[in-house]
Amino acid sequence: MPPESKSRSRKALHWLLGAGLLLTFDFAGRALAASLSLSVPGPVLGMLLLLLALMLYGRVPYGLGMVAEQILRLLVLIFLPATVGIYFLRDLSGGDWFALLAAMVIGTLISLTLTALLLNHLIQRRTRRRGEHGQ
């Protein structure tokens, strides 16, 4: 088998394992939510379980990283129906529009702030690690 073919099959295997990992945690979260009759959606619990597992593992497995990268590239498609749905809200009163606009702006600002704080933390952590290893 040519080396290129082995590389492709290895990447495909990593991708399948990463996708399987996501599905496993999704199903685990759904099962946990159903068995404990929690009001939190199962997929949210699954992502929390995945976060805990990744924190314990200490890094993101290669296959999971590959799958996550593809999902993030398609994330805009997830928000597209909600964005189009706003077009059909023409008959909302002025107060409703203000509340909707305020929620979008505040939510965006909170998301950007938390993302910037997380990025800053990760950059500082990486810098400290490189300093410890003398690189």
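The values are calculated or read from the model by the stated rules, or taken from the named source; none is laboratory data. Predicted, not measured: the structure shown is a model, and the values here were computed from it. Heads up, the Cβs are rebuilt from the backbone with ideal geometry, glycines too, and the neighbour counts pull from every protein chain shown. Accessible surface areas use protein heavy atoms only, side chains included; no ligands, DNA or RNA. Shrake-Rupley method; radii C 1.70, N 1.55, O 1.52, S 1.80 Å.
Annotations
- Residue under evaluation MET55, criteria (1) of a type outside the set (Gly, Ala, Ser); (2) open to solvent by 40 Å² or more (accessible area, probe 1.4 Å); (3) within 22 Å of GLN70 (Cα to Cα); (4) in contact with a Gly (Cβ under 7 Å, 6 or more places away or on another chain), criterion not met: (4)
- Residues in the range 58-77 that are at pLDDT 90 or above, more than 18 Å from ASP26 (Cα to Cα) and either in a helix (DSSP H, G or I) or touching an Asp or Glu at 6+ places or on another chain (Cβ under 8 Å) (or both): TYR62 alone.
- Filtering the range 1-33 to residues that are open to solvent by 90 Å² or more (accessible area, probe 1.4 Å) and either touching a Gly at 6+ places or on another chain (Cβ under 6 Å) or acidic (Asp, Glu) (or both) leaves GLU4, TRP15, LEU17, ARG30.
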